[in-house]
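FYI, it's all coordinate maths here, none of it is from the lab. Because the structure is predicted, anything quoted here is derived from the model rather than measured. Methodologically, a virtual Cβ is constructed for each residue, glycine included, from the backbone with ideal geometry; neighbour enumeration extends over all protein chains shown.
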Amino acid sequence: MSTAAVHPRRQSFSPFWSHRAAVAVIALAALSVLAGCPPKARGGQTLAVAEPTVLSTKPSVPMEALAYQLGMRLDNSGQYTASMKGKRNSLLVVGPPQPMALLNSERLDTSGEIGQSDGRLMVSPSLAHRLREKLRLAQGYAPAPPGAPPYLGNNPAHPQPPGAKPAPPAVAVAGPRVSGTVVIDPGHGGKDRGTYSATCGDEKALVLDVSQRIRTILTARGVHVIMTRDDDRFIELEERAEIANRARADLFVAIHADSAPKNTAARGCTVYTARGASAGSESLARRLDAALRPAAVEDRGLRHADYKVLVLTKMPAALIELGFFTNRSEAARLCQSSYRQELAEAIASGIIADLPARK
Ligand SMILES: [Zn+2]
């Protein structure tokens, strides 16, 4: 029944949603409770993900977040101007006193939607959304270009916000070769956006970006990696498990982002296995958890939930929630390519630790 989330009860209640959509979702949620619907995999109630209809016109989206939402790389960003580029698009943002946004040299109407806060240039969520709609091609979130330094966040041109941890050295790529087949399952895709954050965009794009980074690292170490999706497409949960079963994969790792609309302070990453999971799954989860501990904002530890992909896969399987879109500061971290790279490195290390070294 669930066409959408692996975690169908984790839809975010954004103030941007229309009243009607909110009522519909609440009604569906109530129905699922009345029907005694179990919370996780087994036949969760389908909740349509509503489009945000009224976005704020108040400047609140910093340039790093905007670049992320548009799938572009921030070339430079200061108090007065910022420029960013993607494969087929480029954007120049100029702040007051003569604010403007030039997308592919076309000037957009931006009255009052570009401003400064704490010495940083910002655009409104509404303008960010319009820019995204006008992109030449849906680009998704730009992965680091080949040959780029592994941590863009350490580049002086891409300053990290105060308080951000410096990224650790990239160790996972360089170690000895290992063998095995690993299925990486980026959650959601296509019509199923997953959870949504005004700062960070769609969960489906975030988890694809991190999954692709994990693949890059694992492939460099000799692992055969199969992705359940490598672009923005919808795949049923059963099919995801089937892909892994058909390939007789050694490990299955699903990547998601969390949402807790009623507890916006909730933060940190979580590693799930199914209830009563095999010793192999528990071992994989422990290694992932240990690897994520130093990298993540906070480690929420190992938990059990009967997510469909965990129940239906026949090999050791775990599902990682990277962090909470509903926590503002964590969403901002997740927007940074340096942090996503850090998470990908950690996850790849955990996977490698669970694979045999190549003879
Ligand atoms: Zn998800």
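Show me, for the range 85-94, the HN-Hα J-couplings you get by feeding each phi into the Karplus relation (A = 6.51, B = -1.76, C = 1.60, θ = phi - 60°), rounded to Hz, glycine and proline as x.
For the range 85-94, the Karplus-derived couplings read 9, x, 4, 10, 9, 9, 9, 10, 10, 10 Hz, x marking Gly and Pro.
If each of GLU238 and LYS314 carries a label point 7 Å out from its Cα toward its Cβ, how far apart are those two points in nm?
According to this spin-label approximation, the distance is 1.7 nm.
Which of the residue pairs LYS85/LYS204; LYS134/LYS191; LYS58/LYS134; LYS262/LYS314 have a Cα-Cα distance greater than 24 Å in the structure shown? Spell out each step's value before the answer.
Details: LYS85/LYS204 21 Å; LYS134/LYS191 19 Å; LYS58/LYS134 20 Å; LYS262/LYS314 35 Å.
From LYS85/LYS204; LYS134/LYS191; LYS58/LYS134; LYS262/LYS314, over 24 Å: LYS262/LYS314.
Could you please rank CYS335, CYS269, placing first whichever residue has the fewest other Cβ atoms within 10 Å of its Cβ? Intermediate values should be presented prior to the final figure.
Details: CYS335 23, CYS269 26.
Exposure proxy ranking, most exposed first: CYS335, CYS269.
For the range 174-353, what mean projected area does the convex hull of the alpha carbons give, in nm²? Provide the component values of the computation, followed by the final result.
Values: hull surface 36.7 nm².
Computed as one quarter of the Cα hull surface, the answer is 9.2 nm².
In whole Å, what are the Cα extents of the range 61-133 along the three principal axes, biggest one first?
Cα spread of the range 61-133 along its principal axes, largest to smallest: 29, 21, 19 Å.
At a 10 Å Cβ-Cβ cut-off, how would you order LYS204, LYS314, fewest neighbours first?
Details: LYS204 28, LYS314 12.
Taking fewest neighbouring Cβ atoms as first place, the list is LYS314, LYS204.
I need the phi-derived Karplus couplings for the range 313-319: 6.51 cos²θ - 1.76 cosθ + 1.60, θ = phi - 60°, integer Hz, Gly and Pro marked x.
Going residue by residue, I get 7, 9, 10, x, 9, 9, 10 Hz, with x marking Gly and Pro.
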